[in-house]
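Nothing in this text is a laboratory measurement; each read-out follows from the coordinates by a stated rule. The structure presented is a predicted model; accordingly, all values stated were derived computationally and were not measured. With ideal geometry, Cβ positions are generated from the backbone for all residues, glycine too; neighbour counts draw on all protein chains shown.
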Protein chains: 2
Amino acid sequence: MENLQNDLFLRACRKEKIDTTPVWIMRQAGRYLPEYRAVREKADFLTMCKTPELAAEVTIQPVDIIGVDAAILFSDILVIPEAMGMHLEMNEGKGPVFHQPVRSSSDVDNLKIIDPFKDLKYVMDAVKLTKKELNGRVPLIGFAGSPWTLLTYMVEGKGSKNFSEIKKFIYNNPKAAHKALEKISDAVAEYLSAKIESGVNAVQIFDTWGGLLSQSDFNEFSLNYITRIIQKLKRTNEPVIVFAKGVHHSLDKLTASGADVIGLDWTMDLGEVKLKTGGKVALQGNLDPTVLYGTEELIRAEAVKVLKSFGAGSGHVFNLGHGILPDVKPENAKALVNIVHEESRIIHSA
Amino acid sequence: MENLQNDLFLRACRKEKIDTTPVWIMRQAGRYLPEYRAVREKADFLTMCKTPELAAEVTIQPVDIIGVDAAILFSDILVIPEAMGMHLEMNEGKGPVFHQPVRSSSDVDNLKIIDPFKDLKYVMDAVKLTKKELNGRVPLIGFAGSPWTLLTYMVEGKGSKNFSEIKKFIYNNPKAAHKALEKISDAVAEYLSAKIESGVNAVQIFDTWGGLLSQSDFNEFSLNYITRIIQKLKRTNEPVIVFAKGVHHSLDKLTASGADVIGLDWTMDLGEVKLKTGGKVALQGNLDPTVLYGTEELIRAEAVKVLKSFGAGSGHVFNLGHGILPDVKPENAKALVNIVHEESRIIHSA
């Protein structure tokens, strides 16, 4: 067993006793940090993902600079479609582009089955190197996109306003859509299992686009495949976090997916969700990311609201309700971490 | 009293007995119709808004072509900020732009108080002309943006991904934000009252960006001002519809705003909301707009799901859960209207 100096995050995921609420920040290894931008100036985004030394460096930055209780391996959810054979282009400012998006059954058939230890070896190397450099200071999280979110990117091919292409695909070719989702699920399960074998202490599945779907479509096209992944994961006691943005209607169903932790966006009330899910899972979230534009006073007031909404007891991992925005001041992120530690100790000792 | 040949829409808004569920479609006067595009080729978007003959023409098109049970006056929510003194530019394909967005207290002070009968006379003229040309066939709806949604556009100045500017504004200058929201509320109340006086049979308030806010911020920065408008409206028995996209958490509070009808996006379950709101308001919605990309079979199956979710009894206005998309086939919109009429008659007569 690994000896972690700070295991608050893992303890909270498992609803074990804690005296301080752990906090990490989605996109914490990101552009708001000048230290990140300095690395980014030397290498493009995909090169950073594919160079273990650079990925490890930016992964550890927020642990050193911001003081978060967990690191999350710097990477991108689209490395999986790329490994499945899709040519990925990361355009500066314009977001990722697949010039040959998935649009037909034969496109789905052409998606390759991956061996993550070979096809995504650079990720596994980054995990090992990061673990070595972290040297047990905090746990390391690995992540992947949900099959629905990945398929959305793969079918749209580029940024979208109305997500017309993915919707046309599932409504007019549901068989091919399900086949694609199955293939992607298996790839994600293998990938996350390989990350766990390589050393990550927890995994998070991001369902960024689950909120585009009606309740029954969410169930059919997203939740089913998240559940499939969790069932297939090879793990011992590494917690699984599912973050499904905008999926206010299916939080109870998500608790039945096998996830240990449900991540919430900032429109949810932690206390209400805690009641609704009956304490069966831990909860992660959910400060409005734009609160970090405010003063330290405002940040404190809003962070305390989130902490009190969950209340005393374990099972809460503090986070933002979405990724940190690139124009946030690093000192505000740092202030947030201190505030969460400080204020939660008061709540837990009361 | 006006003698309407088809008052199904108004009866459903008032929860009076009906034998057929009425249906209209958000953005029904829009680009998916070749007849609309033909008018649009001759005049730019703002000219269409400001020329009563053109506005009336495209307003009536979906009544003739698609067979909807209500018309909604063609216009844009940004005519109010423009009347308040902001220079508005409608860029082809890029969306609306305010080159001098609201960013400070003095910008707020500079917003003009409007007299809708003078400053937006073209809208009132369009209402009168449309009413005359509709000649009692179906009711006419007038609309406005909510103060929060209008302020979001006024502060951002152009399309936004993260809505950073409006969030910075409310968190760092809440006093100015509230002053702006008050001024806009009063302008919207006067504007909708003038539309009612000019002849519209119902009004809809669009809170497109309410879903950006946490629950308490929604209450403070959006709901309060929607309530203020409804209280100030000069009306006799014209129903007020509030459509607040993504505001899953505050539907019960919206029923206390004085609205007669709550519009729902497609992530909500009509039956659940009906239970939650205790039948105090009528509900409008909420088919996923992308279902119209599917076959007639799919459209029927999904429309029936929506109808059955509400169930028998009055108080349901069928609509999409968001505006119709520009690349939908008009025949699919027409099919939807027929399907809703046909299938709802079966439900109501059972």
Over the alpha-carbon set of the protein assembly as shown, work out the extent along each principal axis and list the three values in angstrom, largest first. 81, 57, 46
In degrees, nearest 10, range 0 to 90: what is the angle between the Cα axis of helix B:174-198 and the longest Cα principal axis of chain B? 50
Using only helices, what value at 222 nm comes out for chain A when you add -39,500 (n - 2.57) per DSSP H run of length 4 or more and divide by the total residues, to the nearest 500 deg cm²/dmol? -14000 deg cm²/dmol
Taking K and R as +1 and D and E as -1, what net charge do the other residues with C-beta under 15 Å from the C-beta of A:L4 add up to? -1
The answer for the net charge of residues other than B:P147 whose Cβ lies under 14 angstrom from its Cβ, with Lys and Arg +1 and Asp and Glu -1, is -2
On the principal axes of its Cα set, how long, how wide and how thick is the range A:8-349? Give whole Å, largest value first. 59, 46, 38
Per-residue average of Cβ from other chains inside 10 Å of A:209-217: 5
Based on the alpha-carbon gyration tensor of the range A:12-53 and its eigenvalue square roots a ≥ b ≥ c, which shape applies: rounded if a/c is under 1.5, prolate if not and a/b is larger than b/c, or oblate? prolate
Past 22 Å, Cα to Cα, is the threshold; run A:K274/A:K305; A:K308/B:K280; B:K112/B:K175; B:K118/B:K195; B:K121/B:K334 against it and keep the listed order. A:K308/B:K280; B:K121/B:K334
Environment charge of B:G246, counting only residues whose C-beta is closer than 12 Å and scoring Lys/Arg +1, Asp/Glu -1: -1
Closest approach to the B/A rotation axis among chain B Cβ atoms, residue and whole-Å value: B:H248, 2
Relative contact order for chain B using alpha-carbon pairs under 8 Å, separation at least 6, rounded to a whole percent? 23
Over all viewing directions the Cα convex hull of the range B:103-191 casts an average projected area in nm² of 7.0
Taking only Cα atoms, what is the 0 to 90° angle, nearest 10, from helix A:52-65's long axis to the longest principal axis of chain A? 30
Helix A:296-310 sits at what angle to the longest principal axis of chain A, using alpha carbons and giving 0 to 90 degrees rounded to 10? 80
Along each principal axis, Cα extent of the range A:1-79, largest first, Å: 43, 24, 22
At 7 Å out from Cα toward Cβ: B:V97 inter-copy label distances (nm, ascending): 2.1
Footprinting exposure proxy for A:I113, B:I166 (fewest neighbouring C-beta atoms within 10 Å first): A:I113, B:I166
How would you rank A:V39, B:V317, going from fewest to most other Cβ atoms within 10 Å of each one's own Cβ? A:V39, B:V317
Only counting other Cβ atoms within 10 Å, I'd like A:K274, B:K334 sorted with the fewest neighbours first. B:K334, A:K274
Please identify every one of the trypsin sites (Lys or Arg not before Pro) in the range B:139-174 that sits in a loop by DSSP and has no more than 10 other beta carbons within 10 Å of its own beta carbon. B:K161
